[in-house]
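Student: This is the structure, below, for whatever I ask next.
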Amino acid sequence: MDILVNLAAGFSVAAQPSALLACFVGVLLGTLIGVLPGLGPMAVISLLLPITYHLSPVDALVMLSGIFYGSQYGGSITSILLNLPGEASSSVTCLDGHPMAKQGRGGVALVMTTVASFVGACFSIILLATMAPLLVSFVKNFTDQQYFALILLGLVAASTMSVGSAAKGIVMVAVGVIFGLVGVDIDSGAARFSYGRLELLDGLNIAVVAMGLFGISEILLNIGSNVDNTAISKRVGWRELIPTRDDWKRSALPIGRGSFFGALIGVLPGAGATIASFFAYAVEKRSSKTPERFGKGAIEGVAAPEAANNAAAQASFIPTLALGIPGSATMALMLGALMIQGIVPGPMVMVNYPDLFWGLLASFWIGNVLLVILNIPLVNVWILLLRVPYRIMFPTILFFVCLGAYTLKFSVFDVYCVLGFGLLGYFLRLLSFPVAPLLLGLVLGPMLEEHFRRSLLLAKGNLWTFFQNPVSATFLAIAAALIVFSVISQIRNRNKPRREEEEV
């Protein structure tokens, strides 16, 4: 009953004109980002972080969240019609979505992805409304030792469970934590790693770092793209948008299973919508009585992954909002937006700012309804936008990145910083180092240090204090187990080719 009362209060917040406008702008931009290949929600959210300085906390988070889950909708449009995924999580939709388009059923696939996305999102929103209060009630009385262990577990999980090398992920987390040390020490008041620059006394600006790591590096990686998108002219007629009764029957259970698995995987740090969509597709193909249909235009192969990736996108807000532990770089940007507004992330956000939490939750429903309304009528508009040449798109983005960095504090130093982190992100990605864990370390590093130092201060320097508490000891044991498991898995993967060569 309390949940219904809180949701009613949340809708009263989300229905404010400014919040509705922020939600509309967010989902519209999110769909556009999902459609355009070469961009992504992380890059664009980082570019728009400076705008949040001038918005209320609710409006800022509503807009940024709309960009995130809206991009999941938009990515399916080009995946189906052009075999060109705008989002990584939509790449699996190409397997059956584009064959359906070749058969003249692209409109049916688009409608089904919209319905599946909406159902998956609603499933995770209900899960968020029910799980978040339980998690907050469990965590809000944590001691400093328990908070330290929880944050450390979140960092380790996000860096080891993400795609790629676990060792590189942990290194990037450590680098991010080191960057988080820049600025004035909150205990002693001494300047650390500022090198005499007054601009660094407040620490590295999260918006500047994010714009560089994701915005500038994305431009540099795609600036030499040879994709010819000027010949795109395919249109979708209204008659093509009506699914048959058999389509609905075949899609019902896959949508339900995809929503469940997507929400389950989305809660895990480092997993994300891409893993959820591939997992849902694999489950449907394995459980199907006619697996040979997959890859040739099976509508189940479109419905399940689309439900999964949207469910995962919404479910990723559960640890972020309830615990203050982001499971991905995008969620770290959400916490960055909170910190820009002077709000300390953590379980007390839900207690101290209930209007913010429940207003944001209510906006998810409003945003998903807007996406259903916008997604189909504007399909042909999105296709026309794909014809914009990259040589025009990327210099424009670069201009707005530098302008946004300058307007943060009207400091040229911030422009230099964003360009420097852009080059750093570019070279790190060339060397296959994940940049997302670096941002996670930067956001959570100061909190990790604060709880660590306070714990040692209360325990008079005794490190054993972290293991005397059963909850913190359990978190640390899980973190150690994740590291050991990741190391063993990498050793096995390296030795596997050798064993195959010996067998041959």
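The values are calculated or read from the model by the stated rules, or taken from the named source; none is laboratory data. What you see is a predicted model; the values in this text were computed from it and never measured. Neighbour counts run over all protein chains shown; Cβ positions are idealised from the backbone, glycine included. For accessibility, only protein heavy atoms count, side chains too; no ligands or nucleic acids. Shrake-Rupley method; radii C 1.70, N 1.55, O 1.52, S 1.80 Å.
Student: Could you tell me the number of lysine pairs in the chain with C-alpha atoms less than 27 Å from each other, where the two lysines are 8 or more residues apart or belong to different chains?
Tutor: Qualifying lysine pairs in the chain: 13.
Student: What GluC sites (Glu not before Pro) does the stretch 264-320 have in DSSP loop regions with at most 10 other beta carbons within 10 Å?
Tutor: Numbers: sites: GLU284, GLU292, GLU300, GLU306; in loops: none.
Here no loop site has a sparse enough neighbourhood.
Student: Moving on to the next point. Which ³J(HN,Hα) values in Hz, rounded to whole numbers, follow from the phi angles of the stretch 193-201 under the Karplus curve 6.51 cos²θ - 1.76 cosθ + 1.60, where θ = phi - 60° and Gly and Pro get x?
Tutor: Values per residue, Gly and Pro as x: 6, 8, 6, x, 8, 5, 5, 9, 5 Hz.
Student: Which of the three applies to the stretch 57-205, rounded, prolate or oblate, going by the alpha-carbon gyration tensor with a ≥ b ≥ c and a/c under 1.5 meaning rounded? Don't skip to the end; give the middle numbers.
Tutor: On the way: a/c = 2.50, a/b = 1.91, b/c = 1.31.
Prolate shape, in that a/c is at least 1.5 and a/b is the bigger ratio.
Student: Stretch VAL412-ASN352 to full length: gain in nm at 0.36 nm per residue minus the Cα-Cα span? Let's see the in-between values first.
Tutor: Numbers: separation 60, 0.36 × 60 = 21.60 nm, distance 3.63 nm.
Extra length available between VAL412 and ASN352 comes to 18.0 nm.
Student: Here is a further query. Over the chain, with the other protein chains present, what is the accessible area per residue in square angstrom, probe 1.4 angstrom? Write out the running numbers ahead of the final one.
Tutor: Working: 22050 Å² over 504 residues.
So the chain comes to 44 Å² accessible per residue, rounded to a whole number.
Student: Just by accessible area at a 1.4 angstrom probe, what is the order of PHE317, PHE278 from largest to smallest?
Tutor: Values: PHE317 5, PHE278 95 Å².
Listed by decreasing accessible area, they come as PHE278, PHE317.
Student: If I compute solvent accessible area with a 1.4 Å probe over the protein chains, what percent of it on the chain is carbon and sulfur?
Tutor: Working: 14870 of 22050 Å².
Answer for the chain: carbon and sulfur cover 67 percent of the accessible area.
Student: Quick one: which residues, 5 or more positions from VAL184 or on another chain, have an amide H under 5 Å from its amide H? H modelled 1.01 Å from N in the peptide plane, none for Pro or chain starts.
Tutor: Excluding prolines and chain starts, which carry no amide H, the hits are ARG192, GLY203.
Student: Solvent-accessible area of TRP365, probe 1.4 Å, all protein chains present, reported in Å² to the nearest ten, please.
Tutor: Its accessible surface works out to 60 Å², give or take rounding.
Student: Considering the options LEU458, PHE413, LEU448, tell which one lies farthest towards the positive end of the dipole of the stretch 386-486, charges being +1 on Lys and Arg and -1 on Asp and Glu at the Cβ, about the Cα centre.
Tutor: PHE413
Student: Let me ask another. Placing unit charges on C-beta atoms (Lys and Arg positive, Asp and Glu negative, everything else neutral), compute the dipole magnitude of the chain about its Cα centre in debye, rounded to 20. Let's see the in-between values first.
Tutor: Values: 30 positive and 26 negative charges, 205 e Å.
Taking the Cα centre of the chain as origin, the dipole is about 980 debye.
Student: While we're here: Show me the trypsin sites (Lys or Arg not before Pro) within the stretch 138-212 that DSSP assigns to loop and that have at most 14 other Cβ atoms within 10 Å of their Cβ. Mind dumping the intermediate values first?
Tutor: Details: sites: LYS140, LYS168, ARG192, ARG197; in loops: LYS140, ARG197.
Those satisfying the criteria are LYS140, ARG197.
Student: Further question on the same structure: Please find the FRET efficiency linking GLU199 to VAL369, where r is the Cβ-Cβ separation and R0 is fixed at 41 Å, and quote it to the nearest 0.05. Could you put the intermediate results ahead of the total?
Tutor: Values: r = 43 Å, r/R0 = 1.06.
Rounded to the nearest 0.05, the efficiency is 0.40.
Student: Still on this structure: Find which of LEU378, SER287, ASN368 sits farthest along the positive direction of the dipole of the chain, computed with +1 on the beta-carbon of Lys and Arg, -1 on that of Asp and Glu, about the Cα centre.
Tutor: SER287
Student: Using a 1.4 angstrom probe on the protein heavy atoms only, could you order VAL418, VAL111 from most to least accessible area? All intermediate terms of the calculation are to be shown ahead of the outcome.
Tutor: Details: VAL418 0, VAL111 25 Å².
Highest to lowest solvent-accessible surface, that is VAL111, VAL418.
Student: Between the DSSP loop rule and a limit of at most 16 other Cβ atoms within 10 Å, which chymotrypsin sites (Phe, Trp or Tyr not before Pro) in the stretch 118-215 are left?
Tutor: Details: sites: PHE118, PHE123, PHE138, PHE142, TYR147, PHE148, PHE179, PHE193, TYR195, PHE214; in loops: PHE142, PHE193, TYR195.
Within the stretch 118-215, the qualifying chymotrypsin sites (Phe, Trp or Tyr not before Pro) (loop, at most 16 other Cβ atoms within 10 Å) are PHE193, TYR195.
Student: Accessible surface of LEU198 in the full protein assembly, 1.4 angstrom probe, to the nearest 10 Å²?
Tutor: 140 Å²
Student: If you rank ARG454, ARG105 by how much accessible surface each has, with a 1.4 Å probe, what is the order from largest down?
Tutor: Working: ARG454 95, ARG105 60 Å².
Output order, biggest surface exposure first: ARG454, ARG105.
Student: How far apart, in nm, are the 7 Å Cα→Cβ label points at LEU4 and GLN103?
Tutor: Label at LEU4, label at GLN103, 4.4 nm between them.
Student: Divide by every residue of the chain the summed helix terms, -39500 (n - 2.57) for each DSSP H run of at least 4, and state the resulting mean residue ellipticity at 222 nm, rounded to the nearest 500 deg cm²/dmol.
Tutor: Details: 23 runs with 359 residues, N = 504.
Counting only the DSSP helices, I get -23500 deg cm²/dmol.
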